[in-house]
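The values are calculated or read from the model by the stated rules, or taken from the named source; none is laboratory data. Just so it is clear, the model here is predicted, and its values are computed rather than measured. Cβ sites come from the backbone with ideal geometry, for glycine too, and all protein chains shown count toward neighbours. Areas reflect the complete protein model, heavy atoms only, side chains present, ligands, DNA and RNA absent. Shrake-Rupley method; radii C 1.70, N 1.55, O 1.52, S 1.80 Å.
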Amino acid sequence: MATGLKSLVTIDVGSTQTRALLFARVEDRFRFVAAASAPTCLRAAHPDPDMALGGIRALEHLSAITGRPLLDHHGILISPELSNGVGVDACLITISAAPPIRVVLGGVSPEWSLASLRRAAASAYAQVVEALSVVPLDGQPQTEEEWLQAMIAAEPHLVAIAGGMDGGATRPVQALLETIVLATRLRPEGERPWLLFAGNSVVREEAVALAGRELPLRVLQNVRPRWDVEYIGPVVEAMDQRYVEHAMKSLPGLPLLQSWARGDILPTSRALSHVARYLSLETVDRGTLVVDVGGNHTVITAAHGGLLAQVVRSESGIGQGIVSLYQRRGYERIARWLPHEIRPEALEAFVWTKALHPLSIPQTIEEMWVELAFVREAIVEAWEQLQSLWPEFLRSLRAFEPILLTGGAFAYHARPGALAMVVLDTLQPVGLTTLLWDPIGVTSGLGALATMDAALAIEVVNSRPWIPLATVLAPVLDGPMALDELLFTVEVHYRGPDGSEFVYEVEVRGGRLEVIPIPGVGETELRRFRMRRPVDLGWGPRRTPRRIRIPGGWLGLIVDGRGRPLPLAEDLKARREQIHRWLWDIGALGGGL
Amino acid sequence: MELLRFYPEVVKFMPLVTIRRERRLPIPGKVLVQRGDGVESTTVIAVAEQPASVAIVDVARMLKISPDRATAYLQRKLGTSVRTGEPIARRRVWLGLRTLVARSPVDGEIVMAGGGKALIRAGMRPFELRAGFPGTVVDILPSRGAVIQTTGALIQGFWSTGTDFSGMIRIVTGAAEPLRARAIDPMAQGTIVVGGAWIEPSALEQAERFQVRGIIAGSMEASLLPMLRELSFPVVLIEGFGHLAMHPGIFRIFSLYQGREAFVLSSPTDPSSPSGRPEILIPAPTENPPPPEPSSEIPLQPGIRVRLLREPYRGRTGVVSRISPHPWTLDSGLRSWCAEIHLDSEESKIWVPIYNMEILRS
């Protein structure tokens, strides 16, 4: 829907930082103008935790940076935009600051309805606190009374019920529904969970009758109308709405920000999925990945041809979520990514300091490597979950184009090589991939804009508001290789806008990363691959196109000759040397940009 | 460009101030106090109840009728008590020669009937909200709790094991001295032991032996966390994890109130997760009310005292001398606005990212 907007701010209320972005029409093009951030006032130490305060401070910074007044003397957003360019036409809000909602899933079968509900819950800011199943879970049958007790103990914000194909057996899902309705009635009014019924459509009327008028029941499309069809979108949407409702009730000041907004508040993960979906439509033969690591959530969204697979991993990040992340992953997994030694006590002190002072940032290079080790594990964990929930979807994608990095963990870096290495180590892309970098958190704002005016969002996306970090070429080998063994050579042909031309020949060696600077302007092609080993660059062993055109970027072309899966040395000393060598190869050591 | 303002976190430690704190139930309940009431720390100011367990009686199946007819056969009204084995519904069959009976499997209260089933609540889990510190109720939060006011010292810490507690303050070390076993003697029983620097593992064992009420210290190695779970008393850290000494100003307040009763308020969260700052309140009645607690929104500016949070300066304190006009690139490779800090007891000045410090308000 075209809105005719001249200007817009988006405010992303994260668990650590609140980011405000200004978009405006400049010389007939709608584009991203500036970003600013301020701490989100969440901590209990603050006597009046107030989400509005973070938003107001971020807008004050944005005003100071751009010279454009956005707030009036009372601290209220000026909207619509005045004739003198003061204020903005609209405001949109995204949020990830609230803790995840507590969710109970009820299904007939663990492999079908419950599995679909688990995928839905994984795509929202939701913590599954209980799963009720008619068909025994792990061989343990559950009685109705056990379901009831589990419901009472779980104190959920939302219960999703599914089961049965349309027109199939009704009794199993009816029994589940009856028990859940009974348990819901036990909660005091105002504390009752939302009930979602997304099961056999034949049972819909009975579900409505059972819930009566006093229970908040929503009847949705069956998540599994047929064995080979899955619709989790409506369940995810309802979970998003419940999350926002919960946030509005539990986060003081959020209603004030909402009163400035045009439309409803959008969960940040949903905004990210809109961007991932759009980017995936640009490259139909490959998938798109959007990776967001924040203070308390890690979100990975894979999209292909407009279809989505998403994992929102709560209690995972480099802010408050770092404690849970550390407890789940453990010392060894974190320390394996470090080029230096760290004692467990020192690592734990780091974890607690970071969790209790989530705004603080690494000042020394050693602390930077530790923080990036946590970022790696947050990505690995979410990536593993994504692969286990959507195995076929991800197997069908051989490569991703692009991989977009966003979120607080990737903000304000001046060592792009270190960020690129985080992606190469964890997602281990194969073939040819472009890495895009969002250092200021523009992606969530773009996703929010897409819900209001898709054409404007596309206009901004087409202006590429992200930094092209690097083009990655990562071969797959048929077996082990020796360090520095020659794998293949390739010629990089560059033609500048002034007609100048030059050619490099690159030797790609085993266990090494090669970085070839590529200017941001001009045309670059890869030609004349000469294989010394039957490596697969995404077109099959020893097969390559005659010419591959690649874009420029901050780092240029990275050729990752380390192999897949990444061969981390077992021996501690050897591994530290290995990581040090790779950081050197990629240019992450030494001074920043 | 207009000058940007930054608002790092504020840590307060004040020897005499008017303190107001909201005490709130996690779920709606009943508030038992009124505005103006005086309360002790143990006064229950609000209560709430949640069902502890429930039992289902499938009346329709037991009486062999359809679910929609079951309610008509119930012999007990909703809200009435029933004993184990007591009939809650009956139906005569075979011309009255035989009776089908649905009985309660537990002692409890009938709370609901629907879908052919009756639900019996077998107990309630009460939740009592206590005042946490002595004071006066100055505001009521309907269905949730109250705001309580007192006067005295306020110290905000870094971390605690997550429970509220109280006891007499007993300082057993110097300001920069670690808390070792030998500092804790039988006189420490029932008191809050205060140590200046970090806690040695042996001190925790000794404190358990002498049954202290709690420990407040500067810091502790994070590797001792599993040990804390086995202890019967809570621990509060003022500075952080590692080997950090308590800020001298905070230690001075404890010294000033040696022998007085302190009340520790912690956020009611999972002890294994990062909660809000624990707060130590030491009530001290005064004739004239002291000034109210200052705002937590203080812009960073030259002259402000700060404590540094991250390596290589973690735990150091100093005064802000100026703020960078533009973001700087740090050794870590991150870009950030920075502030120049004149470290205490040193001539040198250092540059530190603005969010790697907290403002000390004393």
> When residues of segment B:308-321 are filtered for being closer than 22 Å to A:A373 by Cα and either without any contact (Cβ under 8 Å) to a residue 24 or more places away in the chain or more than 11 Å from every other protein chain (Cβ to nearest Cβ) (or both), how many remain?
Replying inline: 2
> Can you tell me how many residues in segment B:127-153 are outside any loop (DSSP other than H, G, I, E, B), crowded, with 22+ Cβ neighbours inside 10 Å and among the hydrophobic types (A, V, I, L, M, F, W, C)?
Replying inline: 5
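Condition check ((1) among the β-branched types (V, I, T); (2) under 19 Å from B:Q50 (Cβ atoms)) across all residues:
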| residue | (1), (2) |
| --- | --- |
| A:T143 | yes, no |
| A:M165 | no, no |
| A:R187 | no, yes |
| A:E205 | no, no |
| A:A211 | no, no |
>> Suppose we filter segment A:140-173 for residues that are more than 15 Å from A:L117 (Cα to Cα) and either in contact with a Ser or Thr (Cβ under 6 Å, 6 or more places away or on another chain) or open to solvent by 30 Å² or more (accessible area, probe 1.4 Å) (or both); how many remain?
In response: 20
> In segment A:243-265, which residues are more than 22 Å from A:S314 (Cα to Cα) and assigned to a helix (DSSP H, G or I)?
Replying inline: A:P255, A:L256, A:L257, A:Q258, A:S259, A:W260
> When you scan segment B:148-165, how many residues do you find that are within 14 Å of chain A (Cβ to nearest Cβ), within 17 Å of B:R24 (Cβ to Cβ) and modelled with pLDDT under 95?
Replying inline: 2
>> Given (1) within 45 Å of the chain's Cα centre (by Cα); (2) among the acidic types (D, E); (3) at pLDDT below 90, identify the lone condition not met by B:D68.
In response: (1)
> Looking at B:S324, B:S295, B:S332, which is the one that is open to solvent by less than 30 Å² (accessible area, probe 1.4 Å), within 9 Å of chain A (Cβ to nearest Cβ) and on the phi < 0 side of the Ramachandran plot?
Replying inline: B:S332
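Yes/no per residue for (1) touching a residue at least 12 places away in the same chain (Cβ under 8 Å); (2) part of a strand (DSSP E or B); (3) touching a helix residue (DSSP H, G or I) at 6+ places or on another chain (Cβ under 8 Å); (4) among the charged types (D, E, K, R):
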{"residue": "A:C91", "(1), (2), (3), (4)": "yes, yes, yes, no"}
{"residue": "A:T94", "(1), (2), (3), (4)": "yes, yes, yes, no"}
{"residue": "A:V104", "(1), (2), (3), (4)": "yes, yes, yes, no"}
{"residue": "A:P110", "(1), (2), (3), (4)": "yes, no, no, no"}
{"residue": "A:L117", "(1), (2), (3), (4)": "yes, no, yes, no"}
{"residue": "A:A131", "(1), (2), (3), (4)": "yes, yes, yes, no"}
>> When you check A:S63 against the structure, is it open to solvent by less than 40 Å² (accessible area, probe 1.4 Å), free of Cβ contacts under 8 Å to residues at least 12 places away in the same chain and within 30 Å of the chain's Cα centre (by Cα), yes or no?
In response: yes
>> I need a count of the residues in segment B:181-197 that are surrounded by fewer than 17 Cβ atoms within 10 Å (Cβ to Cβ) and either touching a residue at least 24 places away in the same chain (Cβ under 8 Å) or more than 15 Å from B:Q211 (Cβ to Cβ) (or both).
In response: 4
> When you look at A:P188, is it surrounded by fewer than 24 Cβ atoms within 10 Å (Cβ to Cβ), over 27 Å from A:P100 (Cβ atoms) and not acidic (D, E), yes or no?
Replying inline: no
>> Among the residues of segment B:340-362, what is the count of those that are in contact (Cβ under 8 Å) with a residue 40 or more places away in the chain, out of contact with any Lys or Arg (no Cβ under 8 Å at 6 or more places or on another chain) and more than 10 Å from every other protein chain (Cβ to nearest Cβ)?
In response: 0
>> Looking only at segment A:294-338, count every residue that is in contact (Cβ under 8 Å) with a residue 12 or more places away in the chain, open to solvent by 10 Å² or more (accessible area, probe 1.4 Å) and within 14 Å of another protein chain (Cβ to nearest Cβ) and tell me the total.
In response: 9
> Does segment A:565-573 contain any residue that is closer than 26 Å to A:P402 by Cβ and in a strand (DSSP E or B)?
Replying inline: no
> In segment B:26-61, what count of residues is obtained for those that are in a loop (DSSP other than H, G, I, E, B), out of contact with any Ser or Thr (no Cβ under 8 Å at 6 or more places or on another chain) and within 13 Å of chain A (Cβ to nearest Cβ)?
Replying inline: 5
>> If a residue must be surrounded by 24 or more Cβ atoms within 10 Å (Cβ to Cβ) and not in a helix (DSSP H, G or I), how many such residues does segment A:439-465 contain?
In response: 1
> From the list B:Q301, B:Q258, which residue is more than 25 Å from B:F6 (Cβ to Cβ) and either open to solvent by 60 Å² or more (accessible area, probe 1.4 Å) or within 14 Å of chain A (Cβ to nearest Cβ) (or both)?
Replying inline: B:Q258
> Among the helices (runs of 4 or more DSSP H) contained in segment A:340-398, which hold 2 or more residues that are away from every other protein chain (no Cβ under 11 Å) and crowded, with 23+ Cβ neighbours inside 10 Å?
Replying inline: A:365-389
> Of all residues in segment A:202-223, which are part of a loop (DSSP other than H, G, I, E, B), touching a residue at least 24 places away in the same chain (Cβ under 8 Å) and open to solvent by 80 Å² or more (accessible area, probe 1.4 Å)?
Replying inline: A:E214
> Here are some residues: B:G276, B:G303. Which one is in a loop (DSSP other than H, G, I, E, B) and at pLDDT 95 or above?
Replying inline: B:G303
> In the set A:I318, A:I300, which member is outside any loop (DSSP other than H, G, I, E, B), over 20 Å from A:L92 (Cβ atoms) and within 18 Å of the chain's Cα centre (by Cα)?
Replying inline: A:I300
>> With the requirement that a residue be in a strand (DSSP E or B) and among the β-branched types (V, I, T), what does segment B:306-362 give you?
In response: B:V306, B:T317, B:V319, B:V320, B:I323, B:T329, B:I341, B:I350, B:V352, B:I359
